[in-house]
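Each remark here refers to the structure printed beneath this line.
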Protein chains: 2
Amino acid sequence: MAKEQKKIILTGDRPTGPLHLGHYIGSLKNRVKLQNEYEQYIIIADLQALTDNAENPEKVQKNVIELGLDYLSVGIDPKVSTIFIQSLIPALSELTMYYLNLVTVAQLERNPTVKDEMRQKGFGNRVPAGFFIYPISQVADITAFKANLVPVGADQVPMIEQTNEVVRAFNRIYKTNVLIETAALVSDVPRLSGLDGKAKMSKSLENCIYLSDTPDVVKEKVLRMYTDPGHVHVKDPGKIEGNVVFEYLDAFDLEKKKVAELKENYQRGGLGDIKAKEYLFEVLEDLLAPIREKRKEFAKDPAQIMKIIKKGTAKANEKASQTLKEVKEAMGLVY
Amino acid sequence: MAKEQKKIILTGDRPTGPLHLGHYIGSLKNRVKLQNEYEQYIIIADLQALTDNAENPEKVQKNVIELGLDYLSVGIDPKVSTIFIQSLIPALSELTMYYLNLVTVAQLERNPTVKDEMRQKGFGNRVPAGFFIYPISQVADITAFKANLVPVGADQVPMIEQTNEVVRAFNRIYKTNVLIETAALVSDVPRLSGLDGKAKMSKSLENCIYLSDTPDVVKEKVLRMYTDPGHVHVKDPGKIEGNVVFEYLDAFDLEKKKVAELKENYQRGGLGDIKAKEYLFEVLEDLLAPIREKRKEFAKDPAQIMKIIKKGTAKANEKASQTLKEVKEAMGLVY
């Protein structure tokens with residue numbers, strides 16, 4: 001009996017900094033869950049990171065191994081998930097070159113995700129050309145591994161649509177079916193707020209709890225978390241809407257009943273912020289302590305981490321090279 | 001005594017059609033002359049050809065070997081010149097990706113050569129993204145081989161300037177000197193007119209004499225060449241300005257004295273168009289017959305041509321990979 005082919009997922013991160021609780025709840029947790037059900041490729045997108053970090057390659061380089069450490073520490077299993085470094089796979093750059101001929105400059109300009117990002121990054125009229133075309137580099141990443149699914153936030157859906165436009169154009173023009181359309185696996189987890197409650201958790205806003213933070217740092221961060229500014233005395237009734245402590249309890253505490261009780265208590269008056277925060281700290285530590293322990297173990301032997309990533313890269317390279325070969329054959333570009 | 005390092009030239013063509021007399025006089029002749037003095041890399045730019053031929057990869061593929069045949073037939077010596085296929089050198093795509101981060105979209109939009117080309121090609125608002133960024137792909141071609149000189153027409157000088165902007169940006173940002181600035185070797189040969197005398201010789205205008213044309217075809221083309229429409233009878237005085245026959249005699253006849261006599265005779269009245277054209281045909285045949293003979297010989301064994309090109313490609317690949325390695329090291333992007 002033929003073994004059923006597992007569906008393929010492509011996911012990954014730009015190596016621009018350590019991963020935080022927002023990443024954990026938004027994607028890492030899911031990757032760990034999905035890695036046995038799917039064939040999972042996890043890209044450490046250093047080329048993509050460079051598109052807006054050209055002046056800081058050392059930051060990108062340094063964070064590649066940090067990302068590897070984060071992945072392994074949260075439970076990504078390199079025996080079933082393939083972790084790889086983008087810049088070590090020449091086929092990804094080569095595919096990008098072929099795909100760039102199948103989209104117009106106007107189509108790139110219309111991509112709403114990139115438009116938003118360009119505004120956020122404040123490039124003005126100094127948009128790096130590499131950044132402008134990075135959606136097509138992503139098409140290469142996705143199609144190289146023939147990914148059926150790409151986990152994304154809702155704001156990233158246009159990227160997947162653009163990918164499929166390229167896939168359809170390629171298959172139509174070259175009368176082939178070597179490229180396959182992919183689907184967005186849209187996360188239904190709302191994005192986690194930062195400590196200040198003002199915006200989503202984001203490295204650039206310095207409102208993060210990192211997976212690699214020490215307990216002291218986590219405690220300090222939890223203690224300065226935004227709650228209800230009107231909740232001055234323990235006995236005062238407090239609001240839980242917009243209260244980051246309760247948002248985090250909802251996200252991370254598995255004992256839903258306990259959280260419901262705490263909320264009631266807080267709203268009625270009688271639960272102090274400090275107490276609630278100390279409880280949240282414990283909840284977070286239940287998650288973070290084992291991750292931290294594993295990280296410490298792995299960090300003892302960085303060469304071993306790199307060996308794992310290199311092994312994944314070799315596997316990914318083989319797969320991407322095979323796709324490139326099929327792409328060139330479909331184009332008749334064989335010598 | 002250390003052997004003096006030869007300077008490096010990068011030159012080449014898009015494989016979109018056979019080469020014609022305009023190519024010969026504008027560049028091929030010079031390549032044959034320069035190949036012993038310089039280390040010459042000749043790129044068969046199939047990737048670049050695809051940027052505005054994405055729907056015709058078979059045309060591009062087919063013309064790669066035709067181009068190789070043309071090169072060898074005019075006297076390019078593969079023992080001293082390195083002929084190679086662009087798409088077989090992954091480092092060229094990879095370098096392009098790194099360089100794209102060092103130029104802005106606005107800088108690409110300002111490139112006057114590309115602006116002109118986009119207008120000529122009538123893309124309207126459907127400019128392929130690959131075409132838009134091809135100057136940066138050219139930067140990769142030039143820098144990969146550390147070319148000191150790039151033979152170009154005057155209209156291509158902005159391309160060389162853009163190359164050097166990228167080179168300087170790279171060296172400045174990454175505090176290195178691995179990339180070297182290149183210089184335009186601007187041809188002082190005016191571009192050859194087409195048979196109709198209305199525009200320069202160009203495949204798309206169907207006004208060319210190809211190096212691979214048979215004698216019959218060459219003769220037929222010479223006979224319908226544009227001369228002086230006012231020169232009706234042999235005895236009438238004729239004009240040589242704008243007269244394509246005399247332009248070609250100036251370009252191809254080595255006996256300058258003889259050409260001067262013919263011109264005088266024509267202007268005075270007494271030299272018929274047919275006679276002048278028959279003479280030009282002989283002059284062209286002195287050039288084309290040996291090229292045609294060599295082409296016929298080479299064409300007997302296309303596998304041998306491909307072997308020569310593949311050998312050049314292997315050498316070029318080694319050189320480009322070495323440059324990519326140095327580029328990554330300069331960026332600290334080493335794992």
Exercise. Is segment A:109-175 best put as rounded, prolate or oblate by its Cα gyration tensor, with a ≥ b ≥ c the root eigenvalues, rounded for a/c under 1.5, and otherwise prolate when a/b is larger than b/c, oblate when not?
Worked result: prolate
Exercise. Of all GluC sites (Glu not before Pro) in segment B:171-224, which ones are in loop regions per DSSP and have a Cβ with at most 10 other Cβ atoms within 10 Å?
Worked result: B:Glu206
Exercise. For A:Gln120 and A:Lys7 in one chain, what is 0.36 nm times their gap in residues minus the Cα-Cα distance, to one decimal in nm?
Worked result: 37.2 nm
Seminar exercise, completed: Distances in nm between the label point of A:Glu37 (7 Å along Cα→Cβ) and its equivalents in the other copies, shortest first, are 7.0
Exercise. For segment B:44-60, what does the Karplus curve 6.51 cos²θ - 1.76 cosθ + 1.60, with θ = phi - 60°, yield as ³J(HN,Hα) per residue in whole Hz, taken in order and with x for Gly and Pro?
Worked result: 8, 8, 6, 4, 5, 4, 5, 5, 10, 9, 4, 7, 10, x, 5, 4, 4
Seminar exercise, completed: The summed charge of the A:Asp196 Cβ neighbourhood (under 13 Å; Lys/Arg +1, Asp/Glu -1) stands at +2
Exercise. For the pair B:Gln304 and B:Val80, what calculated FRET efficiency results from E = 1/(1 + (r/R0)^6), where r is the Cβ-Cβ distance and R0 = 22 Å, to the nearest 0.05?
Worked result: 0.75
Exercise. What whole number of Å gives the distance from the Cα centroid of segment B:290-335 to the Cα centroid of segment B:147-186?
Worked result: 22
Exercise. Label points 7 Å out from Cα along the Cβ direction at A:Asp188 and B:Arg172: separation in nm?
Worked result: 5.2
Exercise. Label-to-label distances across copies for B:Gly75, with labels 7 Å out along Cα→Cβ, in nm, shortest first?
Worked result: 7.4
Seminar exercise, completed: With B:Thr214 itself left out, Lys, Arg at +1 and Asp, Glu at -1 over residues whose Cβ is under 10 Å from its Cβ give -1
Problem set entry | Sum of side-chain charges, B:Leu287 neighbourhood, beta-carbon under 11 Å (Lys, Arg +1; Asp, Glu -1) | -2
For this session: Would you calculate a helix-derived [θ] at 222 nm for chain B, using -39,500 (n - 2.57) for each DSSP H run of n ≥ 4 and dividing by the full residue count, to the nearest 500?
Result: -16500 deg cm²/dmol
Exercise. With contacts defined as alpha carbon pairs under 8 Å and 6 or more residues apart, what's the relative contact order of segment B:224-335 in percent?
Worked result: 20
For this session: Please list, in chain and number order, the residues 5+ apart from A:Ser193 or on another chain whose amide H is under 5 Å from its amide H, with Hs placed from the backbone.
Result: A:Met201
Problem set entry | Neighbour cut-off at most 11 other Cβ (10 Å), DSSP loop, trypsin sites (Lys or Arg not before Pro), segment B:28-98 | B:Lys79
For this session: Determine the principal axes of the Cα atoms in the protein assembly as shown, then give the extent along each, sorted from largest to smallest and rounded to whole angstroms.
Result: 119, 61, 46
Seminar exercise, completed: trypsin sites (Lys or Arg not before Pro) in segment B:233-332 lying in a DSSP loop, each with at most 14 other Cβ atoms within 10 Å of its Cβ, come to B:Lys235, B:Lys239, B:Lys300
Seminar exercise, completed: Largest first and rounded to whole Å, the semi-axes √(5λ) derived from the alpha carbon gyration tensor of segment A:106-219 read 33, 19, 12
Exercise. Cα gyration tensor of segment B:203-296, axes a ≥ b ≥ c as square roots of the eigenvalues: rounded (a/c below 1.5), prolate (a/b > b/c) or oblate?
Worked result: prolate
Exercise. Relative contact order for chain B using alpha-carbon pairs under 8 Å, separation at least 6, rounded to a whole percent?
Worked result: 22
Exercise. Along Cα→Cβ at 7 Å, what distances in nm separate the A:Lys198 label point from those on the other copies, shortest first?
Worked result: 6.7
Exercise. How far is the Cα center of segment A:65-134 from the Cα center of segment B:1-65, in Å?
Worked result: 33
For this session: Would you kindly calculate the translational diffusion coefficient of chain B, applying Stokes-Einstein with the Kirkwood radius from alpha carbon pairs, for 20 °C and a viscosity of 1.002 mPa s, and quote it in µm² s⁻¹ without decimals?
Result: 99
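Each value in this text was obtained by applying a stated rule to the coordinates, not by laboratory testing. Because the structure is a prediction, the values reported are computed rather than measured. Cβ atoms come from the backbone with ideal geometry, glycine included; neighbour counts cover every protein chain shown.
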